[in-house]
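Taking it in order: structure first as structure tokens, then the write-up.
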Amino acid sequence: MPKKIDIPVTGMTCAACSSSVEKALKKIEGLKAAAVNLPAERVTVEFSDSDNLISIQTLIDAIINEGYGVQTVKKDFGVRGMTCAACVSAVEKSLKEIYGVLGVTVNLVAEKASVEYVPTITGFENFKKIIRDAGYTAKELTTEVMDAERNRREEEYRQLKNQLVVSAAFTIPVIAGSMIDIPLLSNWIVLFLLTTPVQFWSGMRFHRAALSATRHGTTNMNTLISIGTNSAYIYSVAATFMPRLFFEGGITPHVYFDTSATIITLILFGRLLEARAKGRTSEAIRKLLGMQAKKATVIRDDKESILPVEEVMVGDIVIVRPGERIPVDGDVIDGYSTVDESMLTGESLPVEKSEGHKVFGGTVNKAGSFRMRALKIGSETALSQIIRLVEEAQGSKAPIQRVADRVASVFVPVVIVVAIITFSAWMFFMPGESFAIALMNFIAVLIIACPCALGLATPTAIMVGTGKGAENGIIIRDAGALETCYKLNTVVMDKTGTITKGEPEIVDIIRVNGSGLPVTGIANEDATKPALATDSSLLFLQMAASAEKLSEHPFGQAVVRYAVEKGLKLHDPSDFAVMPGGGIKAKVRLSADEQRLDSETDSEVIIGNERLISGLGIDTASLSGLSQKIAGEAKTPVFMAVNGKVEVVFSIADKIKDGSAEAIRELKGMGIDVIMLTGDHESTARAIAKDAGIERFFAGVMPDEKVDIIKKVKTEGKITAMVGDGINDAPALAASDIGIAIGTGTDIAIEASDITLIRGNLRSVVDAIKISRFTIRIIKQNLFWAFFYNVVGIPVAAGVLYPFGGPLLNPMIASAAMAFSSVSVVTNSLRLRNKPLGRTLSGKGF
């Protein structure tokens with residue numbers, strides 16, 4: 001073991017930081033020294049005893065408690081040779097024993113491991129060695145390796161098929177020969193010759209894997225199969241070639257070549273079906289990978305070159321022609337086309353693209369051609385991020401799997417002990433020729449036991465469920481989020497951009513006099529754009545748009561957009577500031593001619609809601625009636641004060657998205673309470689909530705108050721999801737049980753959210769909850785079947801029913817049952833792929 005290790009520390013900026021980290025570490029008993037290298041951002045730790053190392057987590061906790069961080073790396077790689085839950089347990093246990101490893105997740109179905117570790121202490125070479133020592137093989141995952149992995153799976157399927165064909169061809173005459181009463185040697189030797197290829201060619205995959213596990217002090221499903229079939233085979237060989245030993249012992253010899261051959265054949269058949277079904281669980285990833293472009297036409301040195309997409313560099317000029325997939329993310333620099341972005345946004349209509357528009361890798365160019373500048377390549381593209389998120393989710397473990405993991409870790413040794421007890425009980429406590437019955441029951445117990453079903457129950461469902469989500473624009477961060485989402489009974493929604501379009505429109509601009517009464521302001525006839533009738537209205541619109549010129553708020557952008565459409569000249573504001581509570585403050589200088597004044601003057605412009613304006617000491621009391629009237633019409637009143645006096649009230653409408661009311665109605669039908677949060681006036685919030693079908697809402701909510709409301713709802717005993725844009729709502733998303741970021745498919749808010757909806761509508765919230773309910777229900781069914789099968793099957797195979805007049809279980813029937821148990825679990829999970837979303841289901845059952 002190392003006596004010294006380096007730990008990469010983040011957040012240190014000066015000598016005081018170095019001293020703080022060193023002092024914290026030196027307090028830990030068992031450390032001889034700790035020295036920080038500030039430029040390298042590392043601390044070197046020396047242990048007093050290299051044979052008794054301090055837990056790496058203890059060292060990390062000490063650093064974190066001082067306010068600094070430790071750089072860790074998460075690596076995914078392939079693991080070959082795993083066949084059951086016991087294999088998964090063995091690989092996880094081996095990796096966790098490596099010093100510097102913080103967390104390990106192994107996925108049986110995907111044949112992948114995910115390891116979080118400290119990169120200065122250990123790495124992939126160590127992982128490969130420890131996995132090899134455990135009897136398995138580790139492989140890097142790159143694009144080429146993933147292609148090779150797919151080819152390997154196909155090759156393994158072909159090998160299984162060939163072995164099954166050969167095994168069946170020999171087993172059928174063995175079964176037939178076992179039913180014919182022919183003198184011993186002439187028949188049994190033929191059976192021996194037919195069974196041997198099955199036992200040692202078709203069945204070698206089981207024996208080799210079992211031997212490898214035994215060498216490393218572990219056991220797995222292959223151990224049970226190998227012991228069971230070899231017991232039947234070796235006993236039969238002895239009976240065939242040394243029958244005198246049996247007769248001298250008072251035992252009439254029998255052969256069980258049909259037992260060993262049939263068991264191997266049936267298990268191979270089960271493995272074949274299982275391999276085929278498991279391959280279909282990762283179909284979503286293959287579809288996503290299939291969306292990636294392979295080639296790109298790049299202009300370099302004034303020449304066009306067709307390059308592999310991996311060779312495209314940031315800043316390259318890429319030509320995209322009609323019908324081609326866009327290779328990387330970037331900006332259009334010239335040309336015009338329409339692009340099918342349905343794989344990201346779910347919208348079927350092509351989107352127009354021209355100079356300045358963003359385009360995304362994997363989307364399909366339709367009619368025209370254009371040139372683009374590459375901005376994000378490789379793993380940075382939106383599609384690659386989606387693929388990475390789905391892969392991480394498919395490799396994660398749900399909390400519900402913990403029980404199965406604990407059982408799987410001791411399952412095979414316990415089964416072997418039960419089999420030995422079964423043999424001993426039948427051999428020594430039953431009268432008559434008990435050896436044959438004892439042997440058959442011993443084999444039946446070994447063969448019917450199935451840790452495979454336990455190991456496959458959860459990951460197969462997780463892979464299919466997260467894959468189905470990805471195909472529907474729902475990116476689920478991990479299996480834990482999927483399980484929590486299943487329990488949801490309350491969904492809290494931000495109004496703007498979630499329930500509504502988030503694109504406010506100016507419905508009316510109302511000039512007010514000193515008494516708060518409207519003096520001008522023409523209500524828009526078609527409720528889409530106001531008709532301005534006076535110069536003063538235009539003047540105040542110009543001032544408002546100039547003040548909002550630097551604002552990123554949707555309202556500010558709406559004002560600027562409308563003023564530009566009116567042909568008004570905008571001026572750069574000075575002293576611009578965003579006001580806490582929903583507004584802006586700026587100074588605007590218009591020309592003397594624009595103001596109808598003798599000289600230019602600066603005007604202080606404040607724009608915001610009534611609460612903000614009145615909080616600044618500006619009189620709004622006379623405007624309360626007008627404000628309530630606007631709010632009662634499901635519109636938002638926005639006040640504009642110039643030099644300390646309210647001059648204009650904007651009437652703003654943010655229309656409810658198509659499908660929002662329907663989605664909210666369906667959530668309520670699923671037994672889920674819906675709550676709306678908004679910064680709007682109480683009357684506005686009530687009107688919008690009524691239109692959306694929401695009974696409970698919180699109005700006048702400031703951004704920093706959203707977290708408090710989430711906490712309040714949770715104290716009511718609610719399992720709560722927060723649905724927001726993933727950026728402004730990040731604290732509330734993080735505070736909720738499940739954070740659901742509703743985006744556009746290109747702005748993936750993955751840090752604060754547990755689920756990201758890239759299609760940006762509430763329909764996806766309903767679908768996400770349905771997928772979680774379907775998936776967890778399938779997992780529970782799988783686990784119930786796996787536990788029930790083993791709890792019932794093993795005692796029956798041991799013969800507990802026989803003393804009560806029940807049957808004994810033939811090992812061949814046991815092998816068929818074992819093969820069926822694994823296949824049934826995977827097949828049950830695959831039902832998720834065909835489970836429809838939309839209004840056809842309530843989400844309450846299948």
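The values are calculated or read from the model by the stated rules, or taken from the named source; none is laboratory data. These numbers were taken from a predicted model, which means no experiment stands behind them. Cβ sites come from the backbone with ideal geometry, for glycine too, and all protein chains shown count toward neighbours. SASA here: full protein model, heavy atoms, side chains in, ligands and nucleic acids out. Shrake-Rupley method; radii C 1.70, N 1.55, O 1.52, S 1.80 Å.
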Those residues of segment 325-383 which are open to solvent by less than 40 Å² (accessible area, probe 1.4 Å), under 17 Å from K294 (Cβ atoms), in contact (Cβ under 8 Å) with a residue 60 or more places away in the chain and out of contact with any strand residue (DSSP E or B) (no Cβ under 7 Å at 6 or more places or on another chain) amount to L383
Filtering segment 475-499 down to residues that are in contact with a Ser or Thr (Cβ under 6 Å, 6 or more places away or on another chain), surrounded by fewer than 24 Cβ atoms within 10 Å (Cβ to Cβ) and not charged (D, E, K, R) yields Y486, T490
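This table checks each residue for (1) at pLDDT below 65; (2) open to solvent by less than 10 Å² (accessible area, probe 1.4 Å).
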| residue | (1), (2) |
| --- | --- |
| G249 | yes, no |
| F257 | no, yes |
| I267 | no, yes |
| A275 | no, no |
| T281 | yes, yes |
Just for helices (runs of 4 or more DSSP H) wholly inside segment 54-134: which have at least 1 residues that are within 30 Å of A453 (Cβ to Cβ), open to solvent by less than 40 Å² (accessible area, probe 1.4 Å) and out of contact with any Asp or Glu (no Cβ under 9 Å at 6 or more places or on another chain)?
-> 85-96, 124-133
Among the residues of segment 548-573, how many are open to solvent by 50 Å² or more (accessible area, probe 1.4 Å) and either modelled with pLDDT of 90 or more or of a type in the set (S, T, N, Q) (or both)?
-> 1
Kindly provide the set of residues from segment 690-727 that are touching a helix residue (DSSP H, G or I) at 6+ places or on another chain (Cβ under 8 Å), open to solvent by 20 Å² or more (accessible area, probe 1.4 Å), closer than 20 Å to I476 by Cα and modelled with pLDDT under 85, ordered by number.
-> D725
Just for helices (runs of 4 or more DSSP H) wholly inside segment 596-699: which have at least 3 residues that are closer than 19 Å to M579 by Cα?
-> 610-615
If we ask which residues in segment 634-645 are open to solvent by 10 Å² or more (accessible area, probe 1.4 Å) and within 11 Å of I607 (Cβ to Cβ), their number turns out to be 2
From A213, A261, A239, A232, which residue is at pLDDT below 80 and open to solvent by less than 10 Å² (accessible area, probe 1.4 Å)?
-> A213
Identity of the residue in segment 198-209, in a helix (DSSP H, G or I) and open to solvent by less than 10 Å² (accessible area, probe 1.4 Å), that ends up farthest from I172 (Cα to Cα) = F206
Might you let me know whether segment 340-352 holds any residue that is more than 25 Å from the chain's Cα centre (by Cα), within 19 Å of I377 (Cβ to Cβ) and of a type outside the set (S, T, N, Q)?
-> no
Confirm whether V118 is in contact with a Gly (Cβ under 6 Å, 6 or more places away or on another chain) and either of a type outside the set (S, T, N, Q) or at pLDDT below 85 (or both).
-> yes
Of the criteria (1) free of Cβ contacts under 8 Å to residues at least 40 places away in the same chain; (2) among the β-branched types (V, I, T); (3) touching a strand residue (DSSP E or B) at 6+ places or on another chain (Cβ under 7 Å), which one I474 fails | (1)
